[in-house]
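Novice: Submitted below is the structure of interest, expressed as structure tokens.
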Amino acid sequence: MLPRSLRHACALACLFVWTCTQIGPVFAADAERPSPLRSGIEFTSADVRSLQDDDFQNPGMLWVTRGEELWRVAAGKSGKSCADCHQRAETSMKGVAARYPVYDAAAGDVVNLEGRINLCRTHRQAAKPLVYESENMLALTTYVAHQSRGARVEGAVPTELRASFERGRERYRKRIGQMDLACTHCHQQNWGRTLLAQTISQGHGNAYPAYRLEWQSLGSLQRRLRACYFGVRAEMPPYQSPELLDLEVYLAWRGRGLTIETPGVRR
Amino acid sequence: MVARVQVPGNAKRGEIIDIRIAIQHKMETGFRFDLFGKPIPKNVVNEVVCRYNGAEIFRAELGSGIAANPYMQFSTIAEASGEIVFDWVDDAGERGTERASITVSA
Amino acid sequence: MPRPHRRRFLVTLAALGLLPRAGVRPAGAAENDLAPIIAKITSGKALQPGRVRIETPLLADNGHSVPVRLTVESPMSAADHVSTISLLSDRNPRPVIATYHLGPRAGRARIATRVRLNGTQRIWAIARMSDGSCWSGHADIVVTESACLDGS
């Protein structure tokens, strides 16, 4: 007979293993997330950090300013502006970006922030949808996401998002392009190491829409993902394709707990 | 054209104050091509003028060597309460203006 | 590619006493002949090194947006002040980056901005004073490239 303390330890270990097998892949998959979790800003130069920290110098704030104007502009046959329904974005939109992408039952699909803005335009404002990555779409998305600056990415995976999440997770590990690389090869297995003059980040989305010096402009998370496809010499999926939306869902889960920085600044 | 300016709302007479301006503009160099291979014409904000109660205090002539979404910081001596007005123009002739008021105490 | 201008520029700089004695340049090769541009700014007067400081990072993340701060030593009085500061690049396709006009009402001669740099190079700032004298400062900047191509 084993001593009592050892029996307790054995029981606890068995319980732990059993729990791991029962909770399911989402929790067991925790090892897929980088540890410690680090925002991309930690991998940038002092100049980029000071640019992001200074709300006047941060060029992304120009899109926030434009978005604030657009929030109050009536659109479509409804003659309504965003503000007519949602009033002050500072309160109504606070924390919203932290929950996106979500599953929309009416649309029967995954919807990101850009998609939600267009659903509002077509269904509520009776207006034409905004073109993805257009200046007005970027301005509105940035303005809305900016209201969640400082909030933590929730990255929850409810049952309805599960299928999309699994596809995104698979996509994250799939080798693509002439370079035959998957997301995971750089951003999970080699973050913190250098590639030419750059340090590879963990590849989170918490700063987006973000101003990239490389773009000389602000851009969406999907543009950043497309840039990675281009980087490994793969065909870039179109904006709002299921492939990019699935990746957004997976990335939100992977980066849950990080602080939203919109509009972030990156090199 | 969206722009943001920063001027302290209050200052003491004789105090040197910092003034900042940021303008949303591509500052197109004229060296780039569009997706069809056609050159994109040069279009930059080529002049920014700052006037304090009507008198010019600062003027900048800019070229394509200034980064997109041009940002500038300069200074002036707070002399009197009033308005600081910024005017700029790009190669396409599009003009922009922004203003900020300042209260100067003795 | 032969660059006769470069030699003329270096000769001019040497004549002006602007070249370092043990002249090893850390920056990339100059491609612009700044001499005629400088001559126009100075109206042919001697360009003196000093009084102008350029602050930049030694290493720029990329050439699209490099922070630059220009400071000129000057009392900025009605009688003695900086009237213009010209910012020049020795490697950009257009050598004149910007020209700033200021006066005694500025209080101090200090300007900050962000510039585009077409690769590793030396940038120059030429200050023209109210008495017509001209002073210069320069800075060497290494411009790094992004590791990944971005065609998004």
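Novice: Could you tell me which numbered condition A:Val157 fails, if it satisfies all but one of (1) without any contact (Cβ under 8 Å) to a residue 60 or more places away in the chain; (2) within 18 Å of the chain's Cα centre (by Cα)?
Specialist: (1)
Novice: Also: For segment A:94-118, how many residues are surrounded by 15 or more Cβ atoms within 10 Å (Cβ to Cβ) and either polar (S, T, N, Q) or under 21 Å from A:Ser78 (Cα atoms) (or both)?
Specialist: Selection size over segment A:94-118: 6.
Novice: Report whether or not C:Asp90 is of a type in the set (D, E, K, R) and buried (at least 20 other Cβ atoms within 10 Å of the Cβ).
Specialist: Considered against the rule, which asks whether it is of a type in the set (D, E, K, R) and buried (at least 20 other Cβ atoms within 10 Å of the Cβ), C:Asp90 comes out as yes.
Novice: Which condition from (1) buried (at least 24 other Cβ atoms within 10 Å of the Cβ); (2) under 24 Å from A:Glu166 (Cα atoms) is the one that A:Leu213 breaks?
Specialist: Failing condition for A:Leu213: (2).
Novice: Report yes if some residue within segment B:66-75 is facing chain C (nearest Cβ under 10 Å), part of a strand (DSSP E or B) and free of Cβ contacts under 8 Å to residues at least 40 places away in the same chain; otherwise report no.
Specialist: Filtering segment B:66-75 for residues facing chain C (nearest Cβ under 10 Å) gives B:66-75.
Filter again for part of a strand (DSSP E or B), leaving B:66, B:71-75.
Remaining after also requiring free of Cβ contacts under 8 Å to residues at least 40 places away in the same chain: B:66.
Looking for residues that are facing chain C (nearest Cβ under 10 Å), part of a strand (DSSP E or B) and free of Cβ contacts under 8 Å to residues at least 40 places away in the same chain, one finds at least one in segment B:66-75, hence yes.
Novice: For segment B:42-89, give me the residue count where each residue is more than 21 Å from B:Lys12 (Cβ to Cβ) and either hydrophobic (A, V, I, L, M, F, W, C) or in contact with a Gly (Cβ under 6 Å, 6 or more places away or on another chain) (or both).
Specialist: Counting residues in segment B:42-89 that are more than 21 Å from B:Lys12 (Cβ to Cβ) and either hydrophobic (A, V, I, L, M, F, W, C) or in contact with a Gly (Cβ under 6 Å, 6 or more places away or on another chain) (or both) gives 15.
Novice: Report, ordered by the first and then the second residue, all pairs with beta carbons closer than 9 Å, sequence separation of six or more or different chains, a first member in segment C:79-106 that is within 7 Å of another protein chain (Cβ to nearest Cβ), and a second member that is part of a helix (DSSP H, G or I) and not charged (D, E, K, R).
Specialist: Short answer, once both residue conditions are applied: C:Val96/C:Ile37; C:Thr99/C:Ile41.
Novice: Just one of the numbered conditions (1) farther than 30 Å from A:Thr199 by Cα; (2) basic (Lys, Arg); (3) surrounded by 21 or more Cβ atoms within 10 Å (Cβ to Cβ) is not true of C:Arg108; which one?
Specialist: Unmet for C:Arg108, out of (1) farther than 30 Å from A:Thr199 by Cα; (2) basic (Lys, Arg); (3) surrounded by 21 or more Cβ atoms within 10 Å (Cβ to Cβ): (3).
Novice: List pairs: first residue in segment A:100-123 and free of Cβ contacts under 8 Å to residues at least 12 places away in the same chain, second residue surrounded by fewer than 21 Cβ atoms within 10 Å (Cβ to Cβ) and assigned to a loop (DSSP other than H, G, I, E, B) anywhere in the structure, Cβ distance under 7 angstrom, at least six positions apart or on different chains.
Specialist: Pairs that qualify, where the first residue is free of Cβ contacts under 8 Å to residues at least 12 places away in the same chain and the partner is surrounded by fewer than 21 Cβ atoms within 10 Å (Cβ to Cβ) and assigned to a loop (DSSP other than H, G, I, E, B), are A:Thr122/A:Pro129.
Novice: Continuing with the same structure: Can we say B:Phe36 is without any contact (Cβ under 8 Å) to a residue 60 or more places away in the chain, aromatic (Phe, Trp, Tyr) and within 14 Å of chain C (Cβ to nearest Cβ)?
Specialist: Spelling it out, it is not the case that B:Phe36 is without any contact (Cβ under 8 Å) to a residue 60 or more places away in the chain, aromatic (Phe, Trp, Tyr) and within 14 Å of chain C (Cβ to nearest Cβ).
Novice: Check whether at least one residue in segment A:71-83 is within 14 Å of another protein chain (Cβ to nearest Cβ), touching a strand residue (DSSP E or B) at 6+ places or on another chain (Cβ under 9 Å) and of a type in the set (Gly, Ala, Ser), and report yes or no.
Specialist: Checked segment A:71-83: no residue is within 14 Å of another protein chain (Cβ to nearest Cβ), touching a strand residue (DSSP E or B) at 6+ places or on another chain (Cβ under 9 Å) and of a type in the set (Gly, Ala, Ser).
Novice: Just one of B:Glu79, B:Glu83 is within 13 Å of chain C (Cβ to nearest Cβ) and either part of a loop (DSSP other than H, G, I, E, B) or not hydroxyl-bearing (Ser, Thr, Tyr) (or both); which is it?
Specialist: Details: B:Glu83 fails: within 13 Å of chain C (Cβ to nearest Cβ).
Testing whether each residue is within 13 Å of chain C (Cβ to nearest Cβ) and either part of a loop (DSSP other than H, G, I, E, B) or not hydroxyl-bearing (Ser, Thr, Tyr) (or both) leaves just B:Glu79.
Novice: Same structure, new question: Does any residue of segment A:172-180 turn out to be at negative phi, in contact with a Lys or Arg (Cβ under 9 Å, 6 or more places away or on another chain) and not assigned by TED's automatic domain parsing to the domain that holds A:Gly203?
Specialist: Within segment A:172-180 (the criterion being at negative phi, in contact with a Lys or Arg (Cβ under 9 Å, 6 or more places away or on another chain) and not assigned by TED's automatic domain parsing to the domain that holds A:Gly203), the answer is no, since none of the residues qualifies.
Novice: Quickly run through segment C:114-152 and pick out the residues that are part of a strand (DSSP E or B), out of contact with any Pro (no Cβ under 7 Å at 6 or more places or on another chain) and facing chain B (nearest Cβ under 8 Å).
Specialist: Listed by number, the list holds a single entry, C:Val115.
Novice: Just checking: which of the helices (runs of 4 or more DSSP H) contained wholly in segment A:63-146 hold 2 or more residues that are closer than 17 Å to B:Val2 by Cα and within 16 Å of the chain's Cα centre (by Cα)?
Specialist: The qualifying helices (runs of 4 or more DSSP H) are A:135-146.
Novice: So which of B:Gln24, B:Gln6 ends up being in contact (Cβ under 8 Å) with a residue 40 or more places away in the chain, buried (at least 22 other Cβ atoms within 10 Å of the Cβ) and more than 10 Å from chain C (Cβ to nearest Cβ)?
Specialist: Numbers: B:Gln6 fails: buried (at least 22 other Cβ atoms within 10 Å of the Cβ).
Only one candidate passes the filter, namely B:Gln24.
Novice: How many residues does segment A:201-224 hold that are hydroxyl-bearing (Ser, Thr, Tyr) and either within 16 Å of A:Cys183 (Cβ to Cβ) or not assigned by TED's automatic domain parsing to the domain that holds A:Ala46 (or both)?
Specialist: 2
Novice: Need at least 1 residues that are within 28 Å of B:Lys42 (Cα to Cα) per element, so show me which strands (runs of 3 or more DSSP E) inside segment C:37-110 make the cut, counting only ones lying wholly within it.
Specialist: C:52-55, C:66-72, C:82-89, C:96-101
The values are calculated or read from the model by the stated rules, or taken from the named source; none is laboratory data. Not measured: the values here are computed from a predicted model. Methodologically, a virtual Cβ is constructed for each residue, glycine included, from the backbone with ideal geometry; neighbour enumeration extends over all protein chains shown.
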